[in-house]
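The values are calculated or read from the model by the stated rules, or taken from the named source; none is laboratory data. Computed from a predicted structure; not experimentally measured. Using ideal geometry, Cβ is built from the backbone for each residue, glycine included, and neighbour counts are taken over all protein chains shown.
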Amino acid sequence: MQTSNNDKYLRLWWEVSNSDRFLEGTPKWIIYLKGGDFRKWYGNLSNLLYYNFDPSFILQQPHARVLSLDYLEKTKCTWADITTATNSFRLAPKESFYDISGHCFFPSDSNQYELLAYANSSVFATFIKLLNPTVHCQVGDVAKVPYRRVDCQDSVNAISRMSVEICRQDWDSFETSWDFTWHPLVPSHSVWIDQHCYNMHATERRAGVERIEVCFHRWESECKRRFDQLKVNEEELNHIFARIYGMEGEVPIEVPDDKVSVRLADLGRDIRSLVSYGVGCMFGRYSLDEPGLILADEGSTLDDYHAKVPNPTFEPDRTGIIPITEFDYPFFGDDVVAQFRRWLAAAYGEDTLGENIAYIENALGKSLRAYFARDFYNDHVKIYQKRPIYWLFSSPKRGLQALVYLHRYTPQTVSQLLADYVRPLRDNLGAQARLLEVSGKAKDASLAAKYDATVAELEAWEHDVIFPLAQRHVELDLDDGVKVNYGKPEFKGALRKVVGLN
């Protein structure tokens with residue numbers, strides 16, 4: 001199909017109200033396949049099509065084409081139109097549409113895994129390059145590839161199913177998957193997979209791990225097992241199909257490490273994602289007590305959270321606003337560092353808090369406060385593909401920054417930011433500066449000057465930006481997506497600049 005206006009009709013799944021994705025009857029949102037990076041077997045599932053219950057909603061766009069809803073019942077496998085090396089084919093959800101960037105073929109239920117295995121083999125890749133030695137892999141090329149039924153179908157199907165499951169586990173280990181449950185480094189994850197046999201190695205996991213270093217090493221081993229198993233699987237399939245087609249010695253059997261589609265553990269990346277998960281728990285998006293998304297609908301409240309998690313191990317932030325400052329101000333008891341420390345204590349225990357903080361800071365290469373003040377939001381924007389769900393309100397010189405969760409935003413949020421954080425910080429810093437000035441010490445005078453500069457910055461920001469914005473009670477519509485909402489002119493000067501958004 002073709003929207004002819006992707007900005008209008010496509011969203012990343014985390015932008016919209018989660019419950020809207022599961023409405024019964026004619027759909028509001030449909031999974032949309034657009035190819036993506038090299039990845040075999042499973043994944044690259046991020047896009048949604050704004051169908052809005054009726055094809056005429058999209059067909060009002062000139063030159064648009066919409067698939068029949070019958071395609072939501074079809075078994076399908078997908079691949080990207082453009083590749084610089086080897087193509088990668090993936091199992092696709094039945095309930096999906098696709099465009100020219102994410103082609104599909106339609107096997108029967110009985111031979112889906114067999115054909116997927118063949119498509120991901122080196123024999124198939126050789127045929128494709130003979131048919132079309134360009135960066136494109138088009139539907140017509142795939143349709144011309146010869147196929148011979150295998151003489152060991154049960155074995156091929158078993159290997160293919162296992163490969164899909166391995167890649168699914170890998171994809172779902174990160175919070176940009178809609179089937180993400182818990183972060184793999186938190187003890188809750190260990191407990192849950194032991195109870196539900198979440199992966200092939202569940203029996204080797206142990207509940208109650210309280211040191212992040214231990215959690216990471218177990219995660220590292222789990223990732224390595226997945227990686228090695230998938231590599232073995234793909235090489236076995238290459239061998240099987242090379243034998244069937246009489247191409248032994250003519251096609252590669254070995255799979256290079258950089259073509260294995262699951263990720264190995266990476267301390268820096270995985271610790272940053274753990275910090276992100278912790279922030280998600282602070283906002284109530286996630287919980288240490290229940291798997292998956294908790295608050296993920298427009299206008300979500302703490303009452304909604306408590307309806308799902310009655311007695312939480314960790315209580316989310318009351319206001320849905322989490323301040324970030326470069327300095328540890330004692331009058332901000334709920335700033336991001338203080339809340340993250342409380343979350344670590346809840347997740348891993350008080351006894352290991354100091355050790356866990358040291359481990360995290362060593363992996364980040366800086367203190368928690370420095371990371372939150374300077375790097376966290378950049379990482380968040382990158383991970384969420386420039387469609388952030390945590391928005392950063394920031395004064396011009398970052399005297400005060402505050403995270404706000406998109407799904408808990410209300411028209412009163414900015415007024416609360418002003419009353420609970422901007423003005424208290426301004427007033428307290430002013431009072432601190434006066435006390436420092438009377439000490440007569442040069443060091444105190446220098447610090448008082450810094451405080452006065454921040455006070456002046458906050459006063460100007462309040463007068464020019466935050467107070468007028470608070471009076472407007474700006475409403476958001478998550479259906480419009482982050483690009484439209486973040487870029488509203490009313491937010492100019494209030495939100496951190498993100499290239500392509502504001």
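Laid out as a table, the results:
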item	result
Evaluation of ARG342 against (1) closer than 24 Å to ARG211 by Cα; (2) in a loop (DSSP other than H, G, I, E, B); (3) among the basic types (Lys, Arg) (one fails), failing number	(2)
Odd one out for TYR421 among (1) under 21 Å from the mean Cα position of the chain (by Cα); (2) within 11 Å of ILE322 (Cβ to Cβ); (3) assigned to a helix (DSSP H, G or I); (4) not small (Gly, Ala, Ser)	(1)
All positions within segment 9-26 that are closer than 18 Å to ASP99 by Cα and over 15 Å from the mean Cα position of the chain (by Cα)	TYR9, LEU10
Qualifying residue in segment 236-245 (condition: part of a loop (DSSP other than H, G, I, E, B) and not polar (S, T, N, Q))	yes
Conditions (1) assigned to a loop (DSSP other than H, G, I, E, B); (2) crowded, with 18+ Cβ neighbours inside 10 Å: number failed by THR176	(2)
Only listed residue being within 30 Å of GLN471 (Cβ to Cβ) and β-branched (Val, Ile, Thr), chosen from THR410, THR313, THR352	THR410
Qualifying residue in segment 89-101 (condition: charged (D, E, K, R), without any contact (Cβ under 8 Å) to a residue 40 or more places away in the chain and in a loop (DSSP other than H, G, I, E, B))	yes
Residue check, VAL455 out of contact with any Gly (no Cβ under 9 Å at 6 or more places or on another chain), in a helix (DSSP H, G or I) and of a type outside the set (Gly, Ala, Ser)	no
Hits in segment 121-142 - residues which are under 36 Å from the mean Cα position of the chain (by Cα), free of Cβ contacts under 8 Å to residues at least 12 places away in the same chain and either in a loop (DSSP other than H, G, I, E, B) or exposed (fewer than 12 other Cβ atoms within 10 Å of the Cβ) (or both)	ASN132, PRO133, THR134, GLY140
Breaking point among (1) modelled with pLDDT of 95 or more; (2) buried (at least 18 other Cβ atoms within 10 Å of the Cβ), for LEU59	(2)
Candidate set from segment 246-263 (those that are in contact (Cβ under 8 Å) with a residue 24 or more places away in the chain and part of a helix (DSSP H, G or I)); member that is farthest from SER88 (Cα to Cα)	ASP257
Restricting segment 479-492 to residues that are surrounded by 18 or more Cβ atoms within 10 Å (Cβ to Cβ) and touching a Lys or Arg at 6+ places or on another chain (Cβ under 9 Å), the residue that is nearest to ARG434 (Cα to Cα)	TYR486
